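The values are calculated or read from the model by the stated rules, or taken from the named source; none is laboratory data. This structure is a prediction, so every number in the text was calculated from the model and none was measured. So basically every Cβ, Gly included, is an ideal-geometry build from the backbone, and we count neighbours across all protein chains shown. Accessible surface areas use protein heavy atoms only, side chains included; no ligands, DNA or RNA. Shrake-Rupley method; radii C 1.70, N 1.55, O 1.52, S 1.80 Å.
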Amino acid sequence: MNGEFPIDAFAAMSQGAALRPYRYARDDLGPYDVAIAITHCGICHSDVHLLDNDWNVTSYPFVPGHEIVGAIIATGSEVARSRIGERVGVGWLAGSCMECPQCLSGNENLCRQSRATCVGRHGGYATEVCADGRFAVPIPDAVPSEYAAPLLCAGITVFAPLHRAGLKSHGRVGVVGLGGLGHLAVQYAKAMGSAVTVFSTTAAKAEEAHRIGADRFVTLDRRDSTVAEAGTCDLILATVPVDLPWAEYLRALKPNGALCIVGAAPGEIKIPAVDLIDGQKSIYGSAVGSNHAIREMFQFSVQHGITPTIELYPMKEVNRALGRLRENRMRFRAVLVNEV
Ligand code: NAP
Ligand code: ZN
């Protein structure tokens, strides 16, 4: 521990608890690490899952936050000095082994030893964070910090599977849930040339959905509305943090269509085998994105003018922001700001 550098953060002391001020000292930096003075941090629903220990991986005190933007203020011995002062972003991953086949092929997000920014270590609802410098991605000048933050997790998580799917034009993408991830998925899918159907439980979001590019808006009444869309989508991206009637979404796919799950609801996904066989449907998951994909995502966002819709909160109002997110009232991503 290095007592010279106290870090002010907000932490939960137990499962589901309100966050409260929490001070700790900066760890010694490893050779490849950088310390980052945080200016902005987005609030992802994964922070809420972790806060509630939905995935049984949380340790307390828990400092959430993995959509981090700030400036490098200290570097380990193997990091080039010239990076001091550089504006960078850190998303879900703060490091990986950099030696396994996945890391060597540029898929650090699939490394078995990857280190999540706020799992077992303190995250970005703080004045400072530490990460492997190779995971501190430079942010293009054209992207203001408050917009860069949500792109570092929400943005990359939906950009990566859409980019991999390579639908280009004439495809139709379904986006389930118009939240932090969903509202960016609509914009990326549209910019990649697809028609977009939004499946939402909130009728009041229809106007906003159309404004950001959705062609169709289906209000979910859990049963009937999705069936009415039978056979229309090539790819459906499920971004909700809860269980869904998955078979209905499989029915909304065209033959050979795929359901990509990015929403990390706790519990099991149950699907009748016949619903996969009939029409050769597939279902798969996708985990954030590689460092290279994050750079591509920033470039694509600049090229196509894609920006998140955000609500800004001073860091000390984190509990108010979390409350709005839990109530599904956020439009569409909260970004915490450290006042200087
Ligand atoms: P969010 O901002 O809360 O958005 C989720 C949306 O899901 C809501 O806006 C809502 O949209 C819909 N929804 C339907 N039923 C809901 C319910 N009972 N409670 C809350 N929302 C409900 O969340 P997010 O930050 O986009 O994250 C979404 C999920 O993705 C989370 O599970 C998160 O952990 C996961 N995630 C995964 C990855 C990955 O690598 N795979 C990365 C980041 C996040 P409507 O009002 O339109 O229905
Ligand atoms: Zn996230």
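Some notes on this structure:
- Condition check for residue 186: closer than 26 Å to residue 305 by Cβ, surrounded by 22 or more Cβ atoms within 10 Å (Cβ to Cβ) and within 16 Å of ligand 2 (Cβ to nearest atom): no
- Qualifying residue in the stretch 142-149 (condition: among the hydrophobic types (A, V, I, L, M, F, W, C), touching a Phe, Trp or Tyr at 6+ places or on another chain (Cβ under 8 Å) and part of a helix (DSSP H, G or I)): yes
- If the condition is being open to solvent by less than 60 Å² (accessible area, probe 1.4 Å), assigned to a loop (DSSP other than H, G, I, E, B) and farther than 14 Å from residue 128 by Cα, then the stretch 60-79 contributes 61, 76, 79.
Okay, residues lined up against (1) touching a residue at least 60 places away in the same chain (Cβ under 8 Å); (2) open to solvent by less than 20 Å² (accessible area, probe 1.4 Å):
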site: 172; (1), (2): yes, no
site: 191; (1), (2): yes, no
site: 198; (1), (2): no, yes
site: 202; (1), (2): yes, no
site: 215; (1), (2): no, no
site: 229; (1), (2): no, yes
site: 241; (1), (2): yes, no
site: 272; (1), (2): no, no
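- The selection criterion, being over 26 Å from residue 287 (Cα atoms) and of a type in the set (Asp, Glu), does not hold for residue 54.
- Checking the stretch 92-105 against the condition returns no match, with no residue being within 14 Å of ligand 1 (Cβ to nearest atom), touching a residue at least 40 places away in the same chain (Cβ under 8 Å), of a type in the set (Gly, Ala, Ser) and open to solvent by less than 10 Å² (accessible area, probe 1.4 Å).
- Within the stretch 302-321, the set of residues being more than 19 Å from residue 38 (Cβ to Cβ), assigned to a loop (DSSP other than H, G, I, E, B) and in contact (Cβ under 8 Å) with a residue 60 or more places away in the chain comprises 306, 307, 309.
- Just one of the listed residues (162, 178) is in a loop (DSSP other than H, G, I, E, B) and either touching a Leu at 6+ places or on another chain (Cβ under 7 Å) or open to solvent by less than 10 Å² (accessible area, probe 1.4 Å) (or both), namely 178.
- Single condition residue 108 does not satisfy, out of (1) open to solvent by 40 Å² or more (accessible area, probe 1.4 Å); (2) farther than 25 Å from residue 332 by Cα; (3) charged (D, E, K, R): (1)
- Scanning the stretch 22-59 for residues that are open to solvent by 20 Å² or more (accessible area, probe 1.4 Å), assigned to a loop (DSSP other than H, G, I, E, B) and either without any contact (Cβ under 8 Å) to a residue 40 or more places away in the chain or within 16 Å of ligand 2 (Cβ to nearest atom) (or both) yields a total of 8.
- Of the numbered criteria (1) open to solvent by less than 20 Å² (accessible area, probe 1.4 Å); (2) at positive phi, the one residue 256 fails is (1).
- Within the stretch 305-335, restricting attention to residues that are more than 16 Å from residue 20 (Cβ to Cβ) and aliphatic (A, V, I, L, M), the residue that is surrounded by the most Cβ atoms within 10 Å (Cβ to Cβ) is 334.
- Test for residue 284: is it closer than 23 Å to residue 212 by Cβ, more than 16 Å from ligand 2 (Cβ to nearest atom) and in contact with a strand residue (DSSP E or B) (Cβ under 7 Å, 6 or more places away or on another chain): no
- Some residue of the stretch 304-321 being over 18 Å from the mean Cα position of the chain (by Cα) and over 27 Å from residue 11 (Cβ atoms): yes
- In the stretch 303-340, residue modelled with the lowest pLDDT [restricted to those that are away from ligand 2 (no atom under 16 Å from the Cβ), hydrophobic (A, V, I, L, M, F, W, C) and touching a Ser or Thr at 6+ places or on another chain (Cβ under 9 Å)]: 340
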